[in-house]
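All remarks here apply to the structure that follows.
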Amino acid sequence: MLFGFSACEKDDFCVQNPVTPKLIIRFYDSTNRETPKRVQGLHISTEANTDTIARYNNVSLDSIAIPLDPNAQETIFNLSKNNVVNQFSVEYDIQEEYVSRSCGFKLVFNNVEFTSPNNTWFVEFTPSTILNLDNQNTAHVQIFH
């Protein structure tokens, strides 16, 4: 009986949350910068793959969580508000981070830079850079419209 129990291996379950983080954007009122403001008729697609991000097709939200392209060092989003498009570019370095044997790896985005060549419907965004994007606990970018 002792031999039977000694041959068993400990189950290895992933109890951590090794999720590759998404970019969290919060939208705020441009005149009262402390007040979150919904974007009416929001539609989001990526420049590389002109498909719409399914969750964000003609919605009304004050925050979004969108994935960055793990196979490139830049993701360009087309953020549309009532068919007026504003391009939003995110450049980054990718680093794999080992979580554990059961969880494997997750990606961390370092030296993240945000740019927008055409501010059509949003007035401003902040910040323009962040050191790393490694969690989904708070907003990474604030867009004022």
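Please treat every number below as a calculation from the coordinates, not as lab data. Quick caveat: nothing in here was measured; it's all calculated off a predicted structure. Backbone-built Cβ (ideal geometry, glycine too); neighbour counts: all protein chains shown.
Couple of notes before you dig in:
- Lys/Arg +1, Asp/Glu -1 at C-beta; the chain dipole; positive extreme among 77, 122, 20: 122
- Paramagnetic reach from residue 30 (point 7 Å along Cα→Cβ, amide N under 18 Å) across region 106-126: 115-126
- Here the spin labels are modelled as points 7 Å beyond Cα on the Cα-Cβ line, and at residue 40 and residue 93 they lie 4.4 nm apart.
- Peptides 113-123, 20-30 ranked from most to least packed give 20-30, 113-123, packing being the mean of other C-beta atoms within 10 angstrom over each peptide's residues.
- Amide proton proximity set for residue 124, modelled H, under 5 Å, gap of 5+: 144
- For the chain, the share of DSSP beta bridges that are antiparallel, to the nearest 5, is 90%.
- Size of charge dipole - the chain - debye, nearest 20, with Cβ of Lys, Arg +1 and Asp, Glu -1, no other charges: 520 debye
- For residue 54 and residue 120, the FRET efficiency from 1/(1 + (r/R0)^6), where r spans their Cβ atoms and R0 equals 30 Å, is about 0.80.
- Cβ-derived FRET efficiency at R0 30 Å, residue 101 paired with residue 138, nearest 0.05: 0.55
- Residues in region 116-129 carry Karplus couplings, in order, of 9, x, 9, 7, 8, 10, 9, 7, 7, 9, 8, x, 8, 9 Hz; the curve used is 6.51 cos²θ - 1.76 cosθ + 1.60 with θ = phi - 60°, and Gly or Pro positions show x.
- Dipole of the chain computed with +1 at Lys/Arg Cβ and -1 at Asp/Glu Cβ about the Cα centre; of 31, 108, 95, farthest Cα towards the positive end is 31.
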